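Only the coordinates and a few stated rules stand behind these numbers; no lab work does. These numbers come from a predicted model, not from an experiment. For neighbour counting, all protein chains shown are included, and Cβ atoms are generated from backbone atoms with ideal geometry for every residue, glycine included.
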Amino acid sequence: MHARAVIQLGAVTLVVDPNHWLDKHGHLPTDNVRLRRRILRIVQFIEAGALLERLHGRETVIPCQKRPKGKPCLGLMWVMKTAKDEILAFCMICKTDEAVIHHWQETEWADGPMEPVPMTDEPLASERLH
Ligand SMILES: [Zn+2]
């Protein structure tokens, strides 16, 4: 794993270059379930934060994973774009900075959520795409 942890404001924050966790084509790994789960969380932060202006942020519907004092934190994660164009993911409730993501700009999630495509309301999901 190529991520490194740094001490920031007294808490350990993951510094992530997502390109190190994606496969050589920039896709989610399919051969390592644990790594895939970790990078999927990072990708969700990228998708939510990519289109933000610098020094702006928003709440996501991604749950905090911390367990302060052994109990699950009920916070939802926030993402913000830093002055250096990094994406910072943090929880307002338990005050944890979870990840600082850099080099996200070339990933396939850098344009935010996928553009809508025309669909039908056929009963089977697999037949809905035109
Ligand atoms: Zn939290």
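Overview of values
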| item | result |
| --- | --- |
| Search result, residues across region 22-62 that are loosely packed, with under 11 Cβ neighbours inside 10 Å and part of a strand (DSSP E or B) | 61 |
| Some residue of region 63-85 being in contact with a Phe, Trp or Tyr (Cβ under 7 Å, 6 or more places away or on another chain) and more than 26 Å from residue 20 (Cβ to Cβ) | no |
| Index of the failed condition, residue 98 passing every other in (1) of a type in the set (D, E, K, R); (2) within 14 Å of the ligand (Cβ to nearest atom); (3) more than 11 Å from the chain's Cα centre (by Cα) | (3) |
| Cβ pairs under 6 Å, 6+ apart, first in region 52-72 and farther than 30 Å from residue 111 by Cβ, second within 9 Å of the ligand (Cβ to nearest atom) and part of a loop (DSSP other than H, G, I, E, B) | 68/94 |
| Number of positions in region 49-95 that are small (Gly, Ala, Ser) and more than 16 Å from the ligand (Cβ to nearest atom) | 3 |
| Filtered residue count, region 87-130, keeping only those that are over 28 Å from residue 20 (Cα atoms), outside any loop (DSSP other than H, G, I, E, B) and hydrophobic (A, V, I, L, M, F, W, C) | 3 |
| Of all residues making up region 63-85, the number that are surrounded by fewer than 19 Cβ atoms within 10 Å (Cβ to Cβ) and either touching a strand residue (DSSP E or B) at 6+ places or on another chain (Cβ under 9 Å) or closer than 16 Å to residue 103 by Cα (or both) | 13 |
